[in-house]
Amino acid sequence: MFTGLIREIATVKSYQNNILSIKSTHPAKLGDSIAINGVCLTVIKVNKDGFDLELADETRSIIDESKISGQVHLEPAMMMNDRFEGHIVQGHVDCVGTVSKIIPRENATDFIIKVDKKYIAHIIPKGSITIDGISLTVNDVGADTFRLTIIPHTLKETLMKNYKVGTKLNIETDVFARYIDHILSHRSAKKSMSWDDVDTMQMTY
């Protein structure tokens, strides 16, 4: 599990035969889970200047290859005794979105992100979302877009400062929204929810 707080801007050394080699100061260990631009991957080799990770077929089928080149956001998996910040992030990318507009404000910048309509139900106004591994708050949601308002500190400390119209983004929607939607869509058709349904949802949390 992750929190969506970026710990380092790392660099991709190479990507060949499904193996991603990262240059990083993070003291990784064999078998560690590390999120790279929001994608949870496993360390398969430790090098003097970083580590190697392997991308499964399922992962490669979802993400955009531009997300595994150049500089990348890095977050090691959360430990049991860590302070919990950000929000619950699994490192499971749901879809690739696209920056459709960037609107400078007086003390912030609005980013309008376009996604496939089928993912909008899991994007909640004033809820949490993960963009390239960054925990952010959704302001508004449209038919196939949502708006983020990014403060100067976040722009300075992340790769969002380099985003342009057309930039592809790894998106992980809210885990609780996904769980609830799955439960509701798979329960038998009823006019109202039973107490068993309510108990199941509560246990999900």
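Read-outs: derived from the displayed coordinates by stated rules, not from any lab. Not measured: the values here are computed from a predicted model. Cβ coordinates were reconstructed from backbone atoms using ideal geometry, including for glycine residues, and neighbour counts include every protein chain displayed.
Just give me the residues in the range 133-144 being touching a Gly at 6+ places or on another chain (Cβ under 8 Å) and either without any contact (Cβ under 8 Å) to a residue 24 or more places away in the chain or farther than 19 Å from Ala108 by Cα (or both), in sequence order.
Passing the criteria: Gly133, Thr137, Val138.
In the range 145-169, which residues are more than 22 Å from Ile63 (Cα to Cα), touching a residue at least 24 places away in the same chain (Cβ under 8 Å) and outside any loop (DSSP other than H, G, I, E, B)?
Listed by number, the residues that qualify are Thr149, Ile150, Pro152, Leu155, Glu157.
Quick check: anything in the range 80-91 outside any helix (DSSP H, G or I), among the small types (Gly, Ala, Ser) and either within 15 Å of the chain's Cα centre (by Cα) or under 12 Å from Asp174 (Cα atoms) (or both)?
Yes: one or more hits.
Here are some residues: Val89, Val12. Which one is in contact with an Asp or Glu (Cβ under 7 Å, 6 or more places away or on another chain) and in contact (Cβ under 8 Å) with a residue 40 or more places away in the chain?
Of Val89, Val12, the one residue that is in contact with an Asp or Glu (Cβ under 7 Å, 6 or more places away or on another chain) and in contact (Cβ under 8 Å) with a residue 40 or more places away in the chain is Val89.
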